[in-house]
1. Of Ala329, Ala364, which residue is open to solvent by less than 30 Å² (accessible area, probe 1.4 Å) and either under 29 Å from Asn134 (Cα atoms) or among the aliphatic types (A, V, I, L, M) (or both)?
2. Do you know which residues across the stretch 222-250 are within 12 Å of ligand 1 (Cβ to nearest atom), among the β-branched types (Val, Ile, Thr) and open to solvent by less than 10 Å² (accessible area, probe 1.4 Å)?
3. Kindly indicate whether Glu405 is touching a residue at least 40 places away in the same chain (Cβ under 8 Å) and open to solvent by 20 Å² or more (accessible area, probe 1.4 Å).
4. Of everything in the stretch 21-30 that's assigned to a helix (DSSP H, G or I) and touching a Phe, Trp or Tyr at 6+ places or on another chain (Cβ under 9 Å), which residue is surrounded by the fewest Cβ atoms within 10 Å (Cβ to Cβ)?
5. Tell me which residues, restricted to the stretch 117-142, are crowded, with 16+ Cβ neighbours inside 10 Å and among the small types (Gly, Ala, Ser).
6. For the stretch 251-268, how many residues are within 15 Å of ligand 1 (Cβ to nearest atom) and of a type in the set (S, T, N, Q)?
7. Limited to the stretch 178-198, what total is found for residues that are among the polar types (S, T, N, Q) and open to solvent by less than 10 Å² (accessible area, probe 1.4 Å)?
8. Could you say whether any residue in the stretch 385-398 is part of a helix (DSSP H, G or I), farther than 20 Å from Met1 by Cα and touching a Ser or Thr at 6+ places or on another chain (Cβ under 9 Å)?
Amino acid sequence: MNEQKIQQAYEAAKERYAALGIDTEKALAALQKVSLSLHCWQADDVTGFENPDGQLSGGIQATGNYPGKARNMQELRKDVEKAVSLIPGSHRLNIHAIYGDFGGQKVDRDQIEPKHFQSWIDWAKDNNMKLDFNSTSFSHPKSGDQSLSHRDKGIRDFWVEHTIRSRRIADEMGKQLGSKACHNLWVHDGSKDLTVDRLLYRQNLKDSLDRIFANKFSNVKDAVESKVFGVGLESFTVGSHEFYMGYAVKNGIMATLDMGHFHPTEEIYDKISSLLLYTPEIMLHVSRPVRWDSDHVVILNDSVQMLAQEIVRAEALPRVNIGLDYFDASINRIGAYVVGSRATQKAFLQALLEPIATLRKYEAEGKFFERLALLEEAKALPWNAVYDYFCLKNGVAPAEEYIAEIGRYEKEVLSKR
Ligand code: RNT
Ligand code: ZN
């Protein structure tokens, strides 16, 4: 796309928005500050580096067998660097504990240390990125159907130790990179069939969490992630939404809202303005459930748009940590990162360009037809010209041009794996 054309289209859009009282420059400046936390696990279908042949377990599944997945740390970093080069702005990388630099050694989960992640911290510095972290309860011989809530104290102790160490690693990342790291705790714990011991498991999980969070780390923002159910664990999830919402509120930590972790017609956008009254911040897992928590690549759909609108309308951008969470193994994985990240950015840009003052005025005056009409019209305003300009300003391929770039990378790099 010709630079001049992008510029011209932007000038026209700027005028169009100005007529509605919207300052596109302000929206662009705000979007520049929206950092996405890219999930490292899209690049290798949640395999990690502990055991490259290991099977993914714990109620999550990556389906598809597209060639070219990252087989080791070097390949994964190269892929993330490529993806990031096609996403305007500066972003974070969200790492799971199984992605440590273990140097070919067997390092069990209760043995991980900051040193195993030092090369990630150095990499992040070199690439002008910040890091977030996650403990990993799945894909391990001690996982079974439960981890932190297991009825065997020995198993619980193992996972408590792992999670405390994970938070310590996050602290080190936050300290060295000068930006607090989000530590997200999600455990798959549940049961396939009916349990008569719901209370027992939940008491166990609460007790484990109390032990895990007994220490405060000043460079960590803690988050706990609920879920409605996992594959193979359909009848009961220990860490339900109520469980973690209660825990987060009581302990002043974040709840993570994953878009795929609620009942199929339940949307997370409506939870933002409630949770923020009671918790300091929120962590998001932007995802796309298709009939279930299928973790399809994020696209610019109503769910993501309404989520972004709610956050912007509540002036909550500084209190929301935007993580992505999906893993599609059936398409080019770098493409998956880029499509999902750009869709998320577009949703936030649209929200930042909303004629909110007029909409609020209509609402206050009871002019509901006018409110509905303007909401409809706003959908078709030339926000995409503003996004192309955002790409241009950030030196990133605009519009569909990234498709060819990813094609080149596939030919030159991925196809040789
Ligand atoms: C699983 C959760 C969790 C994971 C990652 C890999 O349903 O969404 O966030 O996807 O931790
Ligand atoms: Zn998630």
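The values are calculated or read from the model by the stated rules, or taken from the named source; none is laboratory data. For clarity, every value in this text was computed on a predicted model and none was experimentally measured. Note: ideal-geometry Cβ built from the backbone for every residue, glycine included; neighbour counts use all protein chains shown. Accessible surface is based on the protein model in full, side chains and every heavy atom, while ligands, DNA and RNA are left aside. Shrake-Rupley method; radii C 1.70, N 1.55, O 1.52, S 1.80 Å.
1. Ala329
2. Listed by number, the list holds a single entry, Val224.
3. So Glu405 passes the test.
4. If we take residues in the stretch 21-30 being assigned to a helix (DSSP H, G or I) and touching a Phe, Trp or Tyr at 6+ places or on another chain (Cβ under 9 Å), then Ala30 is surrounded by the fewest Cβ atoms within 10 Å (Cβ to Cβ).
5. Matches in the stretch 117-142: Ala124, Ser135, Ser137, Ser139.
6. Total meeting the criteria: 1.
7. Qualifying residue count, the stretch 178-198: 1.
8. no
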